[in-house]
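Single-structure report; data block below.
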Amino acid sequence: MISITKPKIQTLKLGQSDNSSKMQQGAPVNVLGVAGSMRKGSFSTHALKLVLEGAKKYGAGSQLLELREVRLPIYDPSRSVPEELYQDVNGNHENVLDTVTKAIKWADAFVLASPDYHGSMSGAMKNFLDYFWEEFAGKTYGYIIASHEKGLTVADQMRTSVRQCYGWSMPYNISINGANDFNSAGNPINSILANRIKMLAHDLVTYGTLIRRQFLQDVMNKEVSDSYASHYREYYN
Ligand SMILES: Cc1cc2nc3c(=O)[nH]c(=O)nc-3n(C[C@H](O)[C@H](O)[C@H](O)COP(=O)(O)O)c2cc1C
């Protein structure tokens, strides 16, 4: 039995019924790219943009969320959300958490892109993941890592966080070895990487659509009680 603990940040508790009806009508899957590098000129972010462009070609809606722009403070579950604590990179005191939350709810599938920091995902990426939980369930995830060592442990950690939130992960990653992988125009210099980028874009759209649609059908069909999706009915109401 899945035990559901309510997140303490109540702003994240809005339902997702709009998203549900949209998926029932067969609308295109929405892919959100989350860029976990705080570095200007990030290679993982660059590769992420290429995957998002590819996903658009396969008919997806796509959006980029750069954590270096939105600057979420360190997640603190004991704190409510005073707006002044959230400001973007330009110092704007808009409620950045609202912006991020809207993007998460909009998304049916994600690409998480992180640098390899000591064999781990970036602190910015982990902090972002800490803010959400139910929002991640029943969605599909792809992974990009900028690393000189393929970043397998980084991908495993992101995959573990996603699994813990009942998300579905692609069974492979994209690994970027810095400037060595791109030409001066920013295109991949080898066909293996170029094909992998296309493959991830394709698979996110194809599998992301199937998984999301089935999940939402199971959430909405009260006769289904044996699916993990049935545990999210309250959230989707
Ligand atoms: C604090 C820190 C730790 C790093 N640790 C590793 C590491 O363990 N293994 C590795 O291959 N690269 C490591 N790197 C290099 C980055 O992963 C590499 O520069 C990557 O391209 C950064 O991603 P970005 O271009 O998306 O910002 C580290 C870099 C920093 C700043």
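Quick note: the coordinates plus some simple rules give every number you see, no bench work behind them. Remember, it's a predicted structure, so these values are computed and weren't measured experimentally. Positions of Cβ are backbone-derived with ideal geometry, glycine not excepted, and every protein chain shown enters the neighbour counts.
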Next item on the list: Could you give me the residue pairs with C-beta distances under 7 Å whose first residue belongs to the range 132-148 and is free of Cβ contacts under 8 Å to residues at least 40 places away in the same chain, whose second residue is more than 16 Å from the ligand (Cβ to nearest atom) and among the basic types (Lys, Arg) wherever it lies, and which are 6+ apart or on separate chains?
Entry: Tyr143/Arg159
Item checked: Candidates Glu223, Glu135, Glu149 - the one that is acidic (Asp, Glu) and touching a helix residue (DSSP H, G or I) at 6+ places or on another chain (Cβ under 7 Å) -> Glu135
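So in the range 140-164, with the set limited to residues that are more than 16 Å from the ligand (Cβ to nearest atom) and farther than 11 Å from Leu112 by Cβ, which one is surrounded by the most Cβ atoms within 10 Å (Cβ to Cβ)?
Initially, the range 140-164 is screened for residues more than 16 Å from the ligand (Cβ to nearest atom), giving 140-141, 159-164.
Applying the additional criterion that residues be farther than 11 Å from Leu112 by Cβ yields 140, 160, 163-164.
Working: Thr140: 27, Thr160: 11, Arg163: 13, Gln164: 11.
Selected residue: Thr140.
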Next item on the list: Pairs only if they're at least six apart or on different chains, beta carbon under 7 angstrom, first in the range 38-65 and over 21 Å from Ser175 (Cβ atoms), second more than 16 Å from the ligand (Cβ to nearest atom) and in a loop (DSSP other than H, G, I, E, B); list them, first residue then second.
Entry: Gly59/Pro28; Ala60/Pro28; Ala60/Val29; Gly61/Pro28
Check: Which residues, taken from the range 143-170, are closer than 19 Å to Val100 by Cβ and small (Gly, Ala, Ser)?
Finding: Ser161, Gly167
Next item on the list: Name every residue in the range 165-182 that is more than 16 Å from the ligand (Cβ to nearest atom), in a loop (DSSP other than H, G, I, E, B) and not aromatic (Phe, Trp, Tyr), in order of residue number.
Entry: Cys165, Gly167, Met170, Pro171
Checklist line | Qualifying positions in the range 183-228 - in contact (Cβ under 8 Å) with a residue 12 or more places away in the chain, touching a strand residue (DSSP E or B) at 6+ places or on another chain (Cβ under 8 Å) and outside any helix (DSSP H, G or I) | finding: Pro188
